[in-house]
Amino acid sequence: MAMGLRPLHARYPYFESARDAVSKTDVSLAAAARDEAVAGRALSRVESALAENTVGEPERRTRTELLSYPIARVLVSLVDQPVLIHRYARAEADAACERFVADLDRRELKSAPDSKLALDDLLREFDLDGAVRKGNEGNTATATRSGGSDPSTGGDSSDGGYEMAVSSYLRLAADRRGEEWRLVNRRLENGWVALSREDLLALCGEAVRERVAGGLPLSVPEEIGAALDDAAETVRERLAETNLIRDVDTVVPELFPPCMQYLLDQVQEGEHLEHHSRFAITAFLSNIGMETDDIVDLYMVNPGFGEEITRYQTDHIRGEISPTEYSTPACATMQSYGDCVNMDDRCERISHPMAYYEQALDDADEEELTDWRARESEAEANAED
Ligand code: SF4
């Protein structure tokens, strides 16, 4: 094992201590990208995230496992698809959550000393130490018993579980699915939200997701990009093969977030849209995989949208005539521009219109999606006749 690298670093490569350990090695990112074992494991992290929402089997060698994480982030950046960033960060977060449970229990068993993890350290890692405290005697995690998570399944219910400051809770629970994560279904007292231990660890997983996705896509130096060319191509192929992209490409307006359904209706009804609204809907359609021609066709029903300017703006947003592919604005931005309208229940569990759409697709029956695809193909065939 390289000096200073510990198995805990390999299990939690996004921890500050792991980053420090990497920076103290003499391995540059470029050298790591050229290392076959590291690049292979990085590829498996990303492929597993796409295929099964895991990060795959860990490498036995601490150095390889640890370095595969920054290289996986580079790979995700090279492919540069919002849906891939989302999937990869989610897989790292879910894996982290499982490891938290296993490693914290391990500590209680006093075994595997190299994988020791303490809850206090974990909270400090994500600046949550001041935002989490032990719960009160007799506290319950949820305000309602129906649909809420039972603190008795999360351990520590005998001493009231935990409480989290409401601002941290709202931030970390924003992307969690399930009614039990809605604030209205939680016990909230004086700005503190009651949590079971299980829920607390799930929210620590969300902190991992934020950290993994933070800063992605990275700007990748040419030398590093060249070393990972083949691996990036493999990820692109996997992405194209997965239902993920096909689903997104299905373009099911019925499942669009309410804000985007509204903006699209406005376009098709010939209404004038402010620049920020037009940007939002165009970026959304582009981010879910629509081609420029299709977006232009969609807008052509609106005489206010000249073809030339629409094509220019769409290509600009897609990054084809500009250095950046622009992302759909997050809900907070949409709200600040007055573009967040007709919010529904799902809106309360997400913080980004892309996350809304992806969840809606995930929740839809495969049968429903097949019907939508069939209808779409039929419409295309009719249009060609
Ligand atoms: S909460 Fe987000 S997804 Fe829902 S309508 Fe508002 S901007 Fe759209």
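The slack in the chain from SER167 to GLU254, taken as 0.36 nm per residue of separation less the alpha-carbon distance, amounts to 28.1 nm.
Please work out how much length the chain gains when fully extended from ARG176 to ASP362, using 0.36 nm per residue of separation minus the C-alpha to C-alpha distance, in nm with one decimal.
My answer for the length gained is 65.6 nm.
Note on GLU308 and ASP20: the model spin-label points, each 7 Å out from Cα along the C-beta direction, lie 6.0 nm apart.
With R₀ fixed at 45 Å, the C-beta to C-beta distance from GLU189 to GLU233 puts the FRET efficiency at about 0.25. Just to confirm a number: summing +1 for Lys and Arg and -1 for Asp and Glu over residues other than GLY319 whose beta-carbon lies under 12 angstrom from that of GLY319, what do you get? So the environment of GLY319 carries a net charge of -3. According to the square roots a ≥ b ≥ c of the eigenvalues of the Cα gyration tensor, what is the shape class of region 1-107, taking rounded for a/c under 1.5, prolate for a/b larger than b/c otherwise, and oblate for the remainder? Note, shape of region 1-107 comes out oblate. A simple spin-label model places the labels of ARG60 and ASP345 5.0 nm from each other, with each point 7 Å out along Cα-to-Cβ.
Ranked by the mean number of other Cβ atoms within 10 Å per residue, highest first, peptides 338-345, 93-100, 186-193, 163-170 order as 93-100, 163-170, 186-193, 338-345.
In this simple spin-label approximation, TYR337 and GLU269 carry label points 7 Å from Cα along the Cα→Cβ vector, and these lie 1.9 nm apart.
Highest mean packing first, where packing is the average number of other Cβ atoms within 10 Å per residue, the peptides 219-230, 48-59 line up as 48-59, 219-230.
For an R0 of 35 angstrom, estimate the FRET efficiency from the Cβ-Cβ distance between GLU36 and LYS116 and round to the nearest 0.05.
On the way: r = 32 Å, r/R0 = 0.90.
Taking R0 as 35 Å, the efficiency between GLU36 and LYS116 is 0.65.
Read the figures in this text as sums done on the coordinates, not as results from a lab. Predicted model only: the values in this text are computed from it and were never measured. Positions of Cβ are backbone-derived with ideal geometry, glycine not excepted, and every protein chain shown enters the neighbour counts.
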